[in-house]
Amino acid sequence: MNKLPAVTAAFWVMKICATTLGETAGDLLSMTLDVGYAASSLILLTVFAVTLAAQLAAKRYNPFLYWTVILSTSTAGTTMSDYMDRTLGLGYATGSLVLVSLLLAIFALWRVTTGSLSVDRIASVETEALYWTAILFSNTLGTALGDFLADDSGLGFAGGAALIASALALVLLAHRFTSLSKVLLFWTAFVLTRPFGATLGDALTKPVDHGGLNLGTIGSSLVLLAILVGVIVHTSRRERAREPTPA
């Protein structure tokens, strides 16, 4: 019943594209279109619920459906984090601590329920629902961490992205050269790619005097969407080419 993609280099490229696009698209709705954080969060959570229902009802892995759900968690996570940190006034550090606690609680429930957090063992609708809930909160947490690094730490957008990229490189080295739990390393990388996408998205969209490239939310979103769709199409064709021909 496993309807999840193989965790390859292409998977992480698409994850970073999707999370960066989630940052720019979430900002496009909440700030550029001036919908607001609360209304944007409600809209995007509704989109997430619709796409998640389709994913849970699917009988096999569909790459476009899977990455649409990932994208919906990223955009919803962006506006949810901004609502907590800015509208509710929690701040980036407090908001991050709250989201870390929620994510750990989800992982604990998942572990108690199934005995494992491995994404290779998604064998029921209930486990898949926990998987997607963890992804939603990990992407929300990643937004808060990215904003904290970019704004409150003094590193700026480029510095924050460089720090997260270094952390991801350490995770990759640990995966290749140590015996650390692959499940732990997967979820560490999964969480870290979100603040990397958040800081990268801010670097693309914010004004030059704020440390960004001033490409705008619309232009950046279109470019990232084109890259994401292109990689999905490429990997789907490659996987179909590897499938054995029926006798």
>> At a 10 Å Cβ-Cβ cut-off, how would you order V231, V183, fewest neighbours first?
In response: V183, V231
> Each residue of region 159-166 in order: what ³J(HN,Hα) in whole Hz does its phi give by Karplus 6.51 cos²θ - 1.76 cosθ + 1.60, θ = phi - 60°, with x for Gly and Pro?
Replying inline: x, x, 5, 5, 5, 5, 4, 5
>> Just want the ordering: M14, M80, M31, from fewest to most Cβ atoms lying within 10 Å of their own Cβ.
In response: M31, M14, M80
> Given R₀ = 30 Å, FRET efficiency for M31-L4 by Cβ-Cβ distance, to 0.05?
Replying inline: 0.40
>> Which one, G216, Y92, T193, projects farthest toward the positive side of the charge dipole computed for the chain from Cβ point charges (K/R +1, D/E -1)?
In response: T193
> From the square roots a ≥ b ≥ c of the eigenvalues of the alpha-carbon gyration tensor of region 43-137, which class results: rounded (a/c under 1.5), prolate (a/b over b/c), or oblate?
Replying inline: oblate
> If you add up the charges near T140, with Lys and Arg at +1 and Asp and Glu at -1, over every other residue whose beta carbon is less than 12 angstrom from its beta carbon, what do you get?
Replying inline: -3
> Measuring from the lowest to the highest alpha carbon on each principal axis, how far does the chain reach, largest first, in angstroms?
Replying inline: 62, 39, 37
>> With 10 angstrom as the radius, rank F196, F186, F64 by how many other C-beta atoms surround their C-beta, starting from the fewest.
In response: F64, F186, F196
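Laboratory data are not the source of any read-out in this text; all were calculated from the coordinates shown. These numbers were taken from a predicted model, which means no experiment stands behind them. No Cβ is skipped: glycine too gets one built from the backbone with ideal geometry, and neighbour counts run over all protein chains shown.
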